[in-house]
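Undergrad: What follows is a structure written as structure tokens; I'll ask about it next.
The values are calculated or read from the model by the stated rules, or taken from the named source; none is laboratory data. Note that the coordinates shown come from a computational prediction; the quantities given were computed from them, not determined experimentally. Note that we place each Cβ from the backbone using ideal geometry, even for glycine, and neighbour counts take in every protein chain shown. Accessible surface areas use protein heavy atoms only, side chains included; no ligands, DNA or RNA. Shrake-Rupley method; radii C 1.70, N 1.55, O 1.52, S 1.80 Å.
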Amino acid sequence: EGLPYSLKLTGRDTEAKAYWSNYRTGTEIPITPGKEYVFTGLVKGDLAPDGVAEIRLHFFTKENRWAPIPGLSAEWDGVTAELKGKKEWTRLTVSCRAPENAAKAVLFFRLTGKGSAWFGAAEFGEKK
């Protein structure tokens, strides 16, 4: 809807959770520890008041464990940008310095709550 290619996630009730990720698929993206990375994409929402669409950036170690991002409360937390409500295509962007023990980037598109969200035109790379 809107873009030639997009991912649609739908939640049927307020307890719904849905996501797409390259998490543990063998398609994690190799990165250089200590460099800053950016994950950006267009997101469109048709969400109930409780619904949230997110893009999330996480890192893994070479041993396929979460690489904790300094300043976040749990080792599996990632940097997050979110969209709520009924919105047309909106660019969401997150950036973060890769932890010193990181070897791979893990990207998430996530929906929680009732409604639908579309994700498209995603890009990931080293911050220029």
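Undergrad: At 0.36 nm per residue, and after removing the present C-alpha to C-alpha distance, how many nm does the segment from THR90 to SER73 gain when stretched out fully?
TA: In short, 3.4 nm is gained.
Undergrad: In whole Hz and in residue order, list the ³J(HN,Hα) couplings for the stretch 59-71 that follow from phi through the Karplus curve 6.51 cos²θ - 1.76 cosθ + 1.60, θ = phi - 60°; x for Gly and Pro.
TA: Result, ordered by residue: 9, 10, 7, 5, 8, 6, 10, 4, 9, x, 8, x, x Hz.
Undergrad: Let me ask something additional. Once Cα Rg over 2.2 N^0.38 Å is worked out from the coordinates, which option in (1) 0.99; (2) 1.40; (3) 1.05 does it equal?
TA: Of the labelled values, this structure produces (3).
Undergrad: Taking a cut-off of 20 Å between Cα atoms, list the aspartates and glutamates near LYS87, but don't count ones fewer than 8 places away on the same chain.
TA: Leaving aside aspartates and glutamates fewer than 8 places away in the same chain, those within reach of LYS87 are GLU1, ASP13, ASP46, ASP50, GLU54.
Undergrad: Now for a separate question. If each residue of separation counts as 0.36 nm, what is the full-extension length gain between ASP46 and LEU3 once their alpha-carbon separation is subtracted?
TA: Roughly 13.9 nm would be gained on extension.
Undergrad: Ignoring GluC sites (Glu not before Pro) that are buried or in helix or strand per DSSP, and keeping those with at most 10 other beta carbon atoms within 10 Å, what is the longest stretch of the chain between them?
TA: The segment 16-62 is the longest one with no such site.
Undergrad: Could you give the size of the charge dipole of the chain about its Cα centre, using +1 on the Cβ of each K and R and -1 on the Cβ of each D and E, expressed in debye and rounded to the nearest 20?
TA: I would put it at about 160 debye.
Undergrad: Let me ask something else about it. May I ask you to give the solvent-accessible area per residue for the stretch 14-108, in square angstrom, as obtained with a 1.4 angstrom probe?
TA: Values: 5040 Å² over 95 residues.
With all protein chains present, the stretch 14-108 gives 53 Å² per residue.
Undergrad: Putting +1 on Lys and Arg Cβ atoms and -1 on Asp and Glu Cβ atoms, find which of ASN64, GLY78, PHE39 reaches farthest to the positive end of the dipole of the stretch 1-78.
TA: Farthest towards the positive end: ASN64.
Undergrad: Just how much of TRP89 is accessible, in Å², when a 1.4 Å probe is used and the result is rounded to the nearest 10?
TA: 70 Å²
Undergrad: Suppose the chain between ARG24 and THR10 were pulled fully straight at 0.36 nm per residue; how much longer would it get relative to their current alpha carbon spacing?
TA: Stretched out fully, the ARG24 to THR10 stretch lengthens by 2.8 nm.
Undergrad: Quick one: what are the phi-derived ³J(HN,Hα) couplings along the stretch 22-35, Karplus 6.51/-1.76/1.60 with θ = phi - 60°, whole Hz, x for glycine and proline?
TA: Values per residue, Gly and Pro as x: 8, 4, 6, 10, x, 10, 4, 9, x, 9, 10, x, x, 7 Hz.
Undergrad: At a 1.4 Å probe radius, carbon and sulfur cover how many percent of the accessible area of the stretch 25-87?
TA: It is 53 percent, rounded to a whole number.
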